[in-house]
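Structure, as structure tokens:
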Amino acid sequence: MKLVSTSHLVARRAFIAILAASALAVALPQVGFAAQADPLIGTWKLNLAKSTFAPGPAPRSNTLTYQGAGANLTATAELVDSTGKTTKVVFMRVYDGQPHPTTGSPDYDASAYTRVDANTFIISRTKAGKLVEVDTQVISQDGRTNTVNARGVTAAGQPTNIVQVFEKQ
């Protein structure tokens, strides 16, 4: 029977511990990155001073909340219009370019999402199957600003050009 010295066992355990620590160090940043890979996740508040609404009037406030993961995001907009009326709109964000139901909006009933890159999205809004708005949404590189450029037509056929600037909370 061969005896293994105590110093050999200590060295072997130290080597295994270093190997395990190295494996964790490599794996954990990737896990953290995956958890924070989507810059949309979180709450965003409209900055009225930086936003434009044509035609007006501007809302009193708008708060967007994004939750979920991967292709299963839900966006909720809580809007207070210029008269004080509160509206809650819920969007299912599926990045397949196909229309998915949007509830709570008087202006559209479906939205189709295309993800251009990690920070850029194209959104088509429809009402009863008719295209009424196309949005370009861009998250700044630092992840603090969410700008939505919306162009479309009102129910009365009037063109709209709205730029909403949201700030991460």
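Just one of the listed residues (126, 102) is in contact with a Pro (Cβ under 9 Å, 6 or more places away or on another chain) and among the hydroxyl-bearing types (Ser, Thr, Tyr), namely 126.
Being within 14 Å of the chain's Cα centre (by Cα) and not β-branched (Val, Ile, Thr) is the filter here; which residues of region 113-134 pass it?
First, the residues of region 113-134 that are within 14 Å of the chain's Cα centre (by Cα): 113-123.
Of everything in region 113-134, those that are within 14 Å of the chain's Cα centre (by Cα) and not β-branched (Val, Ile, Thr) turn out to be 113, 115, 117, 118, 119, 121.
Tell me, please, whether a residue that is farther than 19 Å from residue 147 by Cα, of a type in the set (Phe, Trp, Tyr) and assigned by TED's automatic domain parsing to the domain that holds residue 72 can be found in region 107-126. Yes, the conditions are met somewhere in region 107-126.
Checking each residue in region 156-167 for being assigned to a strand (DSSP E or B) and over 23 Å from the mean Cα position of the chain (by Cα) picks out 159, 160. Contact map, region 40-65: residues that are closer than 21 Å to residue 133 by Cα paired with residues that are surrounded by fewer than 15 Cβ atoms within 10 Å (Cβ to Cβ) and at pLDDT below 95, Cβ distance under 8 Å, separation 6+ or inter-chain. Pairs shown: 55/154; 55/158. Quick check, is residue 161 surrounded by 15 or more Cβ atoms within 10 Å (Cβ to Cβ) and touching a residue at least 60 places away in the same chain (Cβ under 8 Å)? The answer is no for residue 161.
Against the condition of a type in the set (Val, Ile, Thr) and touching a helix residue (DSSP H, G or I) at 6+ places or on another chain (Cβ under 8 Å), how does residue 165 come out, does it pass?
Working: of a type in the set (Val, Ile, Thr): yes; touching a helix residue (DSSP H, G or I) at 6+ places or on another chain (Cβ under 8 Å): yes.
So residue 165 passes the test.
Those strands (runs of 3 or more DSSP E) of region 54-155 in which 3 or more residues are among the basic types (Lys, Arg) are absent. Scanning region 45-55 finds no residues that are out of contact with any helix residue (DSSP H, G or I) (no Cβ under 6 Å at 6 or more places or on another chain), on the phi > 0 side of the Ramachandran plot, modelled with pLDDT of 95 or more and surrounded by 10 or more Cβ atoms within 10 Å (Cβ to Cβ). Summed over region 43-67, the residues that are small (Gly, Ala, Ser) and touching a Lys or Arg at 6+ places or on another chain (Cβ under 8 Å) give a count of 1.
The values are calculated or read from the model by the stated rules, or taken from the named source; none is laboratory data. All figures in this text were calculated on a predicted structure; none of them were measured in a lab. Cβ: placed from backbone, ideal geometry, glycine included. Neighbour counts: every protein chain shown.
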